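Structure, as structure tokens:
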Amino acid sequence: MERIFGSSSDYSEETRNELKKVMLVPEQDSTDITIYGKTGIGKADGMNVSSTLAKEIAIELISDYCAS
């Protein structure tokens, strides 16, 4: 993420903006913040999880944090 969106990124602003649109997570009804994500594999309790499950876990964690 730093390589793409960081201050020393080689990507143009237009490309970064397009990537942000693609990475926007629409299932964020329970928070007032914008959540972005990417596909891939994550870890939960030391086990690999699919990108779908990883996304659900991340949204739940952020929602719980924002509710605190």
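Key figures
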quantity	calculated
Members of the range 46-66 that are open to solvent by 90 Å² or more (accessible area, probe 1.4 Å) and at pLDDT below 75	47, 48
Neighbours by Cβ (under 8 Å, 6+ apart or cross-chain): first from the range 1-25, touching a residue at least 24 places away in the same chain (Cβ under 8 Å) and of a type outside the set (A, V, I, L, M, F, W, C); second assigned to a helix (DSSP H, G or I) and open to solvent by 60 Å² or more (accessible area, probe 1.4 Å)	none
Check on residue 43, at pLDDT below 75 and not in a helix (DSSP H, G or I)	yes
Matching residues in the range 11-40 - criterion: being among the basic types (Lys, Arg) and at pLDDT 75 or above	16, 20, 21
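The values are calculated or read from the model by the stated rules, or taken from the named source; none is laboratory data. The model shown is predicted, which means the values in this text are computed figures rather than measured ones. All Cβ positions, even for glycine, are placed from backbone atoms using ideal geometry, and neighbour counts span all protein chains on display. Side chains are part of the model used for accessible areas, which takes the heavy atoms of the whole protein and leaves out ligands, DNA and RNA. Shrake-Rupley method; radii C 1.70, N 1.55, O 1.52, S 1.80 Å.
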